[in-house]
Amino acid sequence: MQLSEFRQKEFINREEEIKFLKDWLYNIPDEILWLYGPKSTGKTTLIEYVIEKELTSNLKIFDNYWIKYINFRGLMIGSYESFINSFFEEADGDDDFSGEISAKFNIGVIRLEAKALEKIKNRKKNLFNELIEKFKKVKKTKIIVIDEIQTLEDIYYNEEKELLKEFLNFCVRLTKELHLSHVVILSSNTIFIDRIYNDAKLKLTSEFKKIDHLDKETTFEYLDYKINELNLSLDKGLIWDYLGGCIPLIQRMFRKRVYFNSLKEYLENEVKVAKSEIIEILKRFLDREKRGIFRHIVADIIEKGYYRSLEDEKKAYLEVIDFMTGREIFFYDPPEQYVKGNNRLYEKAFERLTANMS
Ligand SMILES: Nc1ncnc2c1ncn2[C@@H]1O[C@H](COP(=O)(O)OP(=O)(O)OP(=O)(O)O)[C@@H](O)[C@H]1O
Ligand SMILES: [Mg+2]
C-alpha cells in the first residue's frame, strides 16, 4: 500500500483499480464501464484521482485526451431543460469540438456553440445525434465520466422518450457501435445497477467493475501507518472487526475516538448508532412479516458473511432486499447476486439486532 497526497488529503493508493482503469482507457472503446460498489468505498475519489493525477496532470499525455467528467450529485435535475443546463454550456467562441485543443479546458460541462445549443433546447435538433457528429470531429481519445447517473431516472426527453434510456443508447453508440469514446459510469445505487444488469442489450455492451472496501491486508497496512504516525497503540484486529476496510469510517475513528475512554467504547458507540438507525427504519417501514424476512436475511449474513438471493426468490424477500438496499443498509451485488451489509458496522449492528428483534 502506498499513500500519496490528493487535494491536500491523504490518498490510499488503489493500485489494482488504478491499473485496471488505465488499461481500460488505453484500449479502444468497446463497452460501457460501470463502476459500482457499496456506499463510500471511494468510487468518485478513484475516478477523480485517475483523471487528475494519472491522465491530465501529465500534460504530454493530456494533450491526447478529451475528457468530460460530470457528477450529477447535488445538481437538481428534474427536467430535460435542467439536464441540458447542467451538461452543456454556451460557448462564446469556439466550442469544445472546434480546433485541436480547447484552451479553456473545462472538465465539467460540454461547451457548444450558441446556435446549436438553442436548437437542442428547442428540440429542433436531436441532442444525441448532434453530439455523435461532433464527437466524430475530435481526433483525441475521448472519455466521458458520469457520476450518479440514476439522477436521470424519471426524466422525459419528450412525451414518449425517457432521457435515461436515450442517454444510455447514446453511450452504447459511442462505445460498442462506433468506438468513438470511452464511457465510464459510477453508481452506488445497486438497485439501479441491477436494472441495468438485467437489461439484455446493456448487459451485452457493458463491463461491471466493483470498487469494494479495502481488503484486510491493505487496511492493516494503512492502520500500521496511521498508528505509527500518530504514535498510538490501538488494536488493529478490533478495528477491522468493527469497521472493516471502510475508509471514511476508519478516518472518522482516528478523529473521534479521543472523545471516548477507549477504542472499544468508541466502536461500541458506533454500533449503537448504526443499530438505532436500522431499528428506526424497521419500525417505520416494515411490517411484522417483512421484519421476519429481514431477520432471516441478516442471520445468513452473520453466519456466512452474505445472503445469496435465489433465482425464484419470493416477492416479499425481493421487496425487503430492494428496500434495505435503497436505504443503504444492505449492499446488493447484481453480478454475484448476494446481499451484505453496506459496511462492516451495519453487519455488527445486525448481530446485536437479531438478539432482540420481534
Ligand atoms: N483511496 C482513498 N484514500 C483516502 N481517502 C479516500 C479514498 N477513497 C475515498 N476516500 C475518502 O472516503 C470518502 C468517500 O469517498 P467517495 O465519496 O469517493 O466514495 P463513493 O464510493 O463515491 O461514495 P458514494 O457511494 O456515496 O458515491 C471521502 O471522504 C474520501 O475522501
Ligand atoms: Mg460517489
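Just so you know, all these numbers are worked out from the coordinates, no wet-lab data involved. All of these numbers come straight from a predicted model, not from anything done at the bench. As a convention, Cβ positions derive from the backbone with ideal geometry for all residues, glycine included, and neighbour counts pool all protein chains shown.
Miscellaneous remarks
- Taken over the alpha carbons of region 251-339 as equal point scatterers, the Debye sum produces base-10 log I(q)/I(0) values at 0.14, 0.15, 0.23 Å⁻¹ of -0.60, -0.67, -1.13.
- Taking 0.36 nm per residue of sequence separation and removing the Cα-Cα distance, the D23/K315 pair yields an extension gain of 101.0 nm.
- If you run the Gaussian network model on the chain, springs between alpha carbon atoms under 10 Å, then out of Y338, Y242, Y26 the most flexible one is Y26.
- With the cut-off at under 17 Å, measuring from each backbone N in region 179-218 to a point 7 Å along the Cα-to-Cβ line of Q2 picks out 218.
- Value of [θ]222 nm, deg cm²/dmol, for the chain, DSSP H segments ≥ 4, -39500 (n - 2.57) each, nearest 500: -14000 deg cm²/dmol
- Segment Y225-D300, length gained on full extension (0.36 nm per residue, minus Cα span): 23.6 nm
- Difference of contour (0.36 nm per residue) and Cα-Cα distance, N64 to R291: 76.3 nm
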